[in-house]
Amino acid sequence: MKKTVLACLLLNLFNVLCFSILAIFFGKWWIILFALLFLCFPASRLKGQHFVYCDNCGRYSESGATLEEARIRAKNHGWVSLSNNKDYCPDCLAELKRNSKGV
Ligand SMILES: [Zn+2]
């Protein structure tokens, strides 16, 4: 998630830099406005993506195009959905098991 934000930031920086060079080269300031056409936003990539949310630590599972797909992916990675409609990541599940054994 953070990597995509950083990648977008670098891409935008490179993009603006390229058009700045072109603008200076041709002596037309408005060329820089073309850079706006190629800006990318990390949030737009996440549109229509679904996640499973860990009710204990707040982590998100891998994304899926649908909630069902996200759930299947999460399940494959060791996530568990409990009967009380709560989802747990593998780390929290291990902790939960440890705690229940202690009682
Ligand atoms: Zn968790």
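Hey, does the range 59-72 have a residue that's farther than 30 Å from Glu95 by Cβ, among the charged types (D, E, K, R) and either outside the structural domain of Glu95 (by TED's automatic domain parsing) or not in a helix (DSSP H, G or I) (or both)? Show your work before the answer.
In the first step, residues of the range 59-72 are kept if they are farther than 30 Å from Glu95 by Cβ; the result is 65.
Next, only the ones that are among the charged types (D, E, K, R) stay: none.
The answer is no; no qualifying residue exists.
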Condition (residue is in contact (Cβ under 8 Å) with a residue 24 or more places away in the chain and within 16 Å of the ligand (Cβ to nearest atom)) applied to the range 29-52: is it met by at least one residue? yes
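Determine whether Leu17 is at pLDDT 85 or above, surrounded by 13 or more Cβ atoms within 10 Å (Cβ to Cβ) and assigned to a helix (DSSP H, G or I). Walk me through how you get there before you give the answer.
Numbers: at pLDDT 85 or above: yes; surrounded by 13 or more Cβ atoms within 10 Å (Cβ to Cβ): no; assigned to a helix (DSSP H, G or I): yes.
No.
What residue, of Asp91, Asp87, is surrounded by 15 or more Cβ atoms within 10 Å (Cβ to Cβ), more than 18 Å from the chain's Cα centre (by Cα) and not hydrophobic (A, V, I, L, M, F, W, C)?
Numbers: Asp91 fails: surrounded by 15 or more Cβ atoms within 10 Å (Cβ to Cβ).
Only one candidate qualifies: Asp87.
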Leu37 vs (1) surrounded by 12 or more Cβ atoms within 10 Å (Cβ to Cβ); (2) modelled with pLDDT of 80 or more; (3) over 24 Å from His77 (Cα atoms): all pass except (1)
For the range 55-86, which residues satisfy the criterion of being modelled with pLDDT of 90 or more and within 10 Å of the ligand (Cβ to nearest atom)? Cys57, Trp79
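The values are calculated or read from the model by the stated rules, or taken from the named source; none is laboratory data. None of the values given here were measured: they were computed from a predicted structure. No Cβ is skipped: glycine too gets one built from the backbone with ideal geometry, and neighbour counts run over all protein chains shown.
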